[in-house]
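Here the structure is laid out as structure tokens; the discussion comes afterwards.
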Amino acid sequence: MKAKEIKDYLVSNYGECRHDAKKVEKALINTSKAFELDKKDLFHFIFECEPLTGTHSYGFHTAYGREIHRVFEGEYYGA
């Protein structure tokens, strides 16, 4: 997903984009490579909590799901 697509999606679904869309794009690219995930699926997992294979159990994030979030946040915030 490109920054404009991310921003447009967030604005159309949530009324505003509170995130730096360019940083989100970069974090999606790097995290999707690290976990071999589709960028669009990863976006929906991060922003809408839609499950990916192995990320949820009984409605809660698994260790794998928490690790994906941790890596995404590290990429977004530049850690």
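The values are calculated or read from the model by the stated rules, or taken from the named source; none is laboratory data. Fair warning: this is a prediction, and the values are worked out from it, not measured in the lab. Please note: Cβ atoms are built from the backbone with ideal geometry, for glycine as well, and neighbour counts cover all protein chains shown.
Counting only residues that are among the hydrophobic types (A, V, I, L, M, F, W, C) and at pLDDT below 95, the range 11-20 holds 1 of them. Residues in the range 52-62 that are assigned to a loop (DSSP other than H, G, I, E, B) and either touching a His at 6+ places or on another chain (Cβ under 9 Å) or in contact (Cβ under 8 Å) with a residue 24 or more places away in the chain (or both): LEU52, THR55, THR62. Among the residues of the range 23-51, those identified as within 11 Å of the chain's Cα centre (by Cα) and without any contact (Cβ under 8 Å) to a residue 24 or more places away in the chain are ILE29, SER32, ASP38, ASP41, HIS44, PHE45, GLU48, CYS49, GLU50.
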